[in-house]
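The values are calculated or read from the model by the stated rules, or taken from the named source; none is laboratory data. What you see is a predicted model; the values in this text were computed from it and never measured. FYI the Cβ positions are ideal-geometry reconstructions off the backbone, even for glycines, and counts take in every protein chain you see. All accessible areas refer to the heavy atoms of the entire protein, side chains included, with ligands and DNA or RNA removed. Shrake-Rupley method; radii C 1.70, N 1.55, O 1.52, S 1.80 Å.
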Amino acid sequence: MVTRLYIPWKMLFKDLWFSILLIVIYLLFLSILDDEHLLSQLSLPLSIITVPGTAISLLLAFRTNSSYQRWWEARMVWGAIVNDSRSWVRQLVTYLPKDPVAKELLIEMSLRQSAWCYALARHLRKQDPTADAGPLLKKDEISMLRKSKNVPNALLYSQAHLLKHMFKMGYIDSYQMVQLDTTLCKLTDAMGKCERIKNTVFPSMYTLLLEILIYCFIFSVPYGLVETNGAVLLITSVTLALAFLIIERIATYLQDPFENSSSDTPMLTLSRTIEINIKEEIKYKDLPQPWKPERPYVLM
Amino acid sequence: MVTRLYIPWKMLFKDLWFSILLIVIYLLFLSILDDEHLLSQLSLPLSIITVPGTAISLLLAFRTNSSYQRWWEARMVWGAIVNDSRSWVRQLVTYLPKDPVAKELLIEMSLRQSAWCYALARHLRKQDPTADAGPLLKKDEISMLRKSKNVPNALLYSQAHLLKHMFKMGYIDSYQMVQLDTTLCKLTDAMGKCERIKNTVFPSMYTLLLEILIYCFIFSVPYGLVETNGAVLLITSVTLALAFLIIERIATYLQDPFENSSSDTPMLTLSRTIEINIKEEIKYKDLPQPWKPERPYVLM
Amino acid sequence: MVTRLYIPWKMLFKDLWFSILLIVIYLLFLSILDDEHLLSQLSLPLSIITVPGTAISLLLAFRTNSSYQRWWEARMVWGAIVNDSRSWVRQLVTYLPKDPVAKELLIEMSLRQSAWCYALARHLRKQDPTADAGPLLKKDEISMLRKSKNVPNALLYSQAHLLKHMFKMGYIDSYQMVQLDTTLCKLTDAMGKCERIKNTVFPSMYTLLLEILIYCFIFSVPYGLVETNGAVLLITSVTLALAFLIIERIATYLQDPFENSSSDTPMLTLSRTIEINIKEEIKYKDLPQPWKPERPYVLM
Amino acid sequence: MVTRLYIPWKMLFKDLWFSILLIVIYLLFLSILDDEHLLSQLSLPLSIITVPGTAISLLLAFRTNSSYQRWWEARMVWGAIVNDSRSWVRQLVTYLPKDPVAKELLIEMSLRQSAWCYALARHLRKQDPTADAGPLLKKDEISMLRKSKNVPNALLYSQAHLLKHMFKMGYIDSYQMVQLDTTLCKLTDAMGKCERIKNTVFPSMYTLLLEILIYCFIFSVPYGLVETNGAVLLITSVTLALAFLIIERIATYLQDPFENSSSDTPMLTLSRTIEINIKEEIKYKDLPQPWKPERPYVLM
Amino acid sequence: MVTRLYIPWKMLFKDLWFSILLIVIYLLFLSILDDEHLLSQLSLPLSIITVPGTAISLLLAFRTNSSYQRWWEARMVWGAIVNDSRSWVRQLVTYLPKDPVAKELLIEMSLRQSAWCYALARHLRKQDPTADAGPLLKKDEISMLRKSKNVPNALLYSQAHLLKHMFKMGYIDSYQMVQLDTTLCKLTDAMGKCERIKNTVFPSMYTLLLEILIYCFIFSVPYGLVETNGAVLLITSVTLALAFLIIERIATYLQDPFENSSSDTPMLTLSRTIEINIKEEIKYKDLPQPWKPERPYVLM
């Protein structure tokens, strides 16, 4: 489903070329000073430089770990959405009697569940949440939804209203209604978790602090390598800088999994999978194709 | 919703200027001794200094991680409050029959849920918990609440009493009452978790020990750099001190997420979001505006 | 609720003075050898000493983290006890009809819940579990309880018997009984978790091994600092030893949160808070005062 | 059940021989340069090399930990499948009346549960999901299943349809149906979790970045060891490279626990254990043998 | 309950004497070479040796942490078994009417629960699962159980059959049966978790790799200490080796908590505690004594 080896070199390059340029210019400037023998007075023992090196490494480890946790939690929430969507349809199929009206209700509620997945995906990416609703919902429902401030939430409320109607008509008993409501609660929870991850930025001070520390570290390395050959110094410094900055950058990509970037949770692909599963179950003809890769390159 | 790049430099500066001053004075004092050639007898090999450097880095990593966990848990609890508030209203809408009295009960219980969120937020910040209740609760209820020692808890009990009333009047059956009670239990849990985070201070020994260790480390660095140029020594020491102290400081900001400081969980903003969601669902006219940023600067 | 800055210096000093004395004597002994120029043959390169330094730091990080997790889990369990106690009373209030007998049952079961919290706290600290039961339980129940081997468990069974009675009398229906039983199950779980933390000691080999490693490390430091000034060597060694030993010691304090020491979970304070909350809800007159700080000093 | 000591040396050798060859050639090339005394100008202080060494070690620790978590989660999900399969059959036995038709339903649903385990295992490994269904399902059901895109999901839907039938026939009441449905939900969740682990690749950038960093590190080591004996340099570099690369490689093996490789979760063995447990319970004659080891060698 | 300070020195010595001997012989052999001045050509800078030192330390930290998690999870599962056993009996007491037949059923089901705990403990240690069942089960049930492949599972099925009988006889209603079944599900889960921990070995490659790395490290240390005194070298190397190997060894002890070794979960002690609790509740005369310490020495 996901290409493994395609790496967004361009994206990384776009983010990092300025930093690298800065470091190179700084080093060239130093090498001029060095020719004037001004630098040897400023030499630093290397051991003292390794202390911030360790601190930076540990902060990077913390940062990497936290970002990975956020990314993985996002993936788990969408995994739960897949499961609960399947359970929702399976429960409807089990509980509803064989009856033309009930059959129609089943189809309507199943398709709306599918529409909810798309709407949540688009909502999180700040796109039009009704973009994929065309073949799944009725036209007047879509135009109603367009007025709502939180379309996925409105869809869940529609499901709840139908549930009430089904109970009133005697299609399900009190106990079954509550069980279906429990599944709706799980979907509400999943939606809330997505919004929490989306709206809670990772403490930006750590990002800033880490970058400042990395620059301080890189800028002080030359004073510890005063007696080293210039070219070696250049390569060493740039390599170290690149290593630290790239690790920091990947963590930044991972920490926001709903930002419509290349490291996103593949929400539309998953929504399409759910749609196919649901339609197959309710014997809907005319199954859609799996979603084509969501963007030209993917981070992972 | 949350500004990303605004960093509380002032706050940091206010917290750290004294430490930095202390270190600078100490270093100047040492440089005078150095002129008298008293320092060279006290020189230390740098390698031995890197050992506490590693220990400090690991303790900082532990500290950062624990504080981040607390901050993130606080955010998760409020995410759960958002979800459960929505579920509460959705369940009421689903279970209650269409009936003017039931409609009134629905509105009262929905608005009280919104008031509960504000009350909890204010309660945790040790402010007046009824400050935002004006448009949501009746006047006599508010004056009653003012006498209570734990306003959010009292509001949950009011909800429970109404639930009992609804059951007695036959609006909901035994099973639905228990299901609604389960949602109340979740809200009780969320409230208890907030109080736990609020009342359980992070073991302060670690904070103190870390600061002492950082000072010991910084104060011993110069003996390892006896032969280094004075200005370089000054810059190196102050930079290292700043790096360690700022990391420690940010962890301190994060560890108490309900202290009405700039790194707080945005509880009022979330309460307002809940209010808008709830009012939209029960077709309440006159939706409020989203909360304006809670304070002039935000940490993250 | 909890004093922040008061640190048990006395306790730490009592635990560590012997270790420090040992190290000082050892160093003085070495300095005599040094005068005889016997030590220089035994000199060690410092780099090899930093390897166990890193290993010790990592083990300390593991130890600190595990102990903190235990301490935090203990706090979470007691947070859950607060929540479930509130839910228990709220559920009773909601389910029981208005009726003098039911009212009496409500008061009896609410006060017994409060007594259970005190009993659990005392039981975990190996004190008399009925010490605080005087104003909460009847005299003959207390004398019965004194014979039991596990008082908190016996109290939960009493609640279960009353539940059965209430069901038989028709005060609650089958469904409500089961819901109340679910809350009893949660309280049983919380009790069992406390007992697990109490009875499962942290693998003591790690404590012993860490202390041995720290002493080995400290005792080998001087051989790496042969050419250093004696006073500097003394200060460096003692400071390093103190840093490592204090971190290890705090972890030991945290790892056993029910041992009636200064870093305990404030169980009696929490029990009193629960008592006040419960009594306020059932309109009991004569609310007790919040618990005075449990001991002269508190660790965190 | 699982052989402990058999290590896939061949597999490791196949993966790593090229890397080792590359490093050896590079070192031989350097030693030629060294004879021409070109290398000494490029010498680097070793301390600066230890900084990326620490960073690599920490990244490896992160990588190892994350992969282990994935592998362990996969194992936990299959542990849950074992539990829920047993509970499913136990619940059917408890709920269904003694009755020839009910007995037949019990056998059919129990065997289908066993078939579901095999189907899920095969589905995750991209093999024919009906390969083991022969003795467990009827022929026409198998041929129906072959058309489905997601066989395990289709099997769960079949169970749900039978549940509906049992309810309609009055074999189980509404409450028992919902309880059985809850177990189906747990099985749906387990299936979804397996698919999530299968379909979410570990961010491949970390793998690539780590390998690049390891090569950079290994290729720069010789410049720090210019004055060392050639053979010692060769052995040191190759050993370091091997250590880092093997750790990285094992993490890669562990991270994908459903890829039909030697570090897989032993899904077929577990499915067979479930089959034996189920058949023993329903007094089915002719129990199958435990599964023979799934492949010639196993990683753990 | 558990002795704290008794450490299995013998066990450790038995495991490690060969390694230590190997290292000492190797070092003596090197010292002979050294006399011939062959070693100085092979000298290595110490800094390069600290890199694998850091990597080993981090791997040991990962290993220690994972093993501790496994050990702690095993302890948590048995804690849950204690809780659920108590809840099981409490629920039976609450639900069953006062009636001689019901009383008999209560005693039978309570004692069988106690027997289940012993059976699970013995089953996990590969001992005779019916060893302690004598006073708890009827003779013919025991002889039946001896034929079963999974005795604890068979006992749970017996409980389920009795549950069915109780329901058919009208002692409990549908809702109460399902609630009791939920507790049985929890016990099934606990059993499955124990089996998972028992049957899933920790990836043995890490153990092997760590040992190889430790030996490589220890065997390369002398080349970095060429100019050091021989005795110092010997002590340093052996101490480092011991430290690393002991940490690795303790992790190995902890990782398999059901292997009938000294670091086991004290399952028989816990089973006896459960038995006493259960018998006290059902007013059974003749309570057994707490279990005597399970073996001569305990690891923690």
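What the table shows:
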read-out: Number of the exception - D:Gly134 against (1) touching an Asp or Glu at 6+ places or on another chain (Cβ under 6 Å); (2) assigned to a loop (DSSP other than H, G, I, E, B); value: (1)
read-out: Single residue of segment A:161-176 satisfying the filter (in contact with a Leu (Cβ under 8 Å, 6 or more places away or on another chain) and surrounded by 21 or more Cβ atoms within 10 Å (Cβ to Cβ)) that is nearest to the other protein chains (Cβ to nearest Cβ); value: A:Leu163
read-out: Residue under evaluation D:Ile250, criteria (1) open to solvent by 10 Å² or more (accessible area, probe 1.4 Å); (2) within 30 Å of D:Gly79 (Cα to Cα); (3) touching a residue at least 24 places away in the same chain (Cβ under 8 Å), criterion not met; value: (1)
read-out: Matching entry among A:Met1, A:Met11 (being under 30 Å from A:Trp291 (Cβ atoms), open to solvent by 50 Å² or more (accessible area, probe 1.4 Å) and modelled with pLDDT under 85); value: A:Met1
read-out: Residues that are open to solvent by 20 Å² or more (accessible area, probe 1.4 Å) and either among the hydroxyl-bearing types (Ser, Thr, Tyr) or modelled with pLDDT of 90 or more (or both), drawn from segment E:44-61; value: E:Ser47, E:Thr50, E:Thr54
read-out: Segment C:177-195, subset under 21 Å from the mean Cα position of the chain (by Cα) and open to solvent by 10 Å² or more (accessible area, probe 1.4 Å), residue farthest from C:Asn83 (Cα to Cα); value: C:Glu195
read-out: Any hit, segment C:287-297, residues being modelled with pLDDT of 85 or more and either open to solvent by less than 30 Å² (accessible area, probe 1.4 Å) or touching a Pro at 6+ places or on another chain (Cβ under 7 Å) (or both); value: no
read-out: Residue match in segment C:198-206 (condition: more than 9 Å from chain E (Cβ to nearest Cβ) and open to solvent by less than 30 Å² (accessible area, probe 1.4 Å)); value: no
read-out: Residue match in segment B:34-41 (condition: among the small types (Gly, Ala, Ser), farther than 30 Å from B:Glu195 by Cα and open to solvent by 10 Å² or more (accessible area, probe 1.4 Å)); value: yes
read-out: Given (1) surrounded by fewer than 22 Cβ atoms within 10 Å (Cβ to Cβ); (2) more than 9 Å from chain E (Cβ to nearest Cβ); (3) not acidic (Asp, Glu), number of the condition C:Ala241 does not satisfy; value: (1)
read-out: Segment D:128-149 - residue that is of a type in the set (S, T, N, Q) and within 26 Å of D:Val77 (Cβ to Cβ) and, of those, nearest to the chain's Cα centre (by Cα); value: D:Thr130
read-out: Residues (without any contact (Cβ under 8 Å) to a residue 12 or more places away in the chain and more than 7 Å from every other protein chain (Cβ to nearest Cβ)) located in segment B:179-197; value: B:Thr182
read-out: Meets criteria (in contact with a helix residue (DSSP H, G or I) (Cβ under 7 Å, 6 or more places away or on another chain) and either surrounded by fewer than 22 Cβ atoms within 10 Å (Cβ to Cβ) or facing chain C (nearest Cβ under 10 Å) (or both)) for E:Leu106; value: yes
read-out: Members of segment E:243-284 that are closer than 16 Å to E:Leu111 by Cα, under 19 Å from the mean Cα position of the chain (by Cα) and aliphatic (A, V, I, L, M); value: E:Leu268, E:Leu270, E:Ile274
read-out: Criterion violated by A:Asp128 - all others in (1) without any contact (Cβ under 8 Å) to a residue 12 or more places away in the chain; (2) within 27 Å of D:Leu59 (Cβ to Cβ) satisfied; value: (2)
read-out: Residue count for segment E:75-107, restricted to those that are assigned to a helix (DSSP H, G or I) and more than 14 Å from E:Asp189 (Cβ to Cβ); value: 18
read-out: Failed item, numbered, when A:Gln113 is tested on (1) open to solvent by 20 Å² or more (accessible area, probe 1.4 Å); (2) part of a helix (DSSP H, G or I); (3) touching a Phe, Trp or Tyr at 6+ places or on another chain (Cβ under 6 Å); value: (1)
read-out: Which numbered condition C:Pro152 misses (of (1) open to solvent by 30 Å² or more (accessible area, probe 1.4 Å); (2) modelled with pLDDT of 85 or more; (3) under 23 Å from the mean Cα position of the chain (by Cα)); value: (1)
read-out: Boolean, D:Leu213 is at the interface with another protein chain (Cβ under 9 Å from one of its Cβ atoms), buried (at least 22 other Cβ atoms within 10 Å of the Cβ) and assigned to a helix (DSSP H, G or I); value: yes
read-out: Number of the exception - B:Lys149 against (1) more than 23 Å from C:Asn83 (Cβ to Cβ); (2) part of a loop (DSSP other than H, G, I, E, B); value: (1)
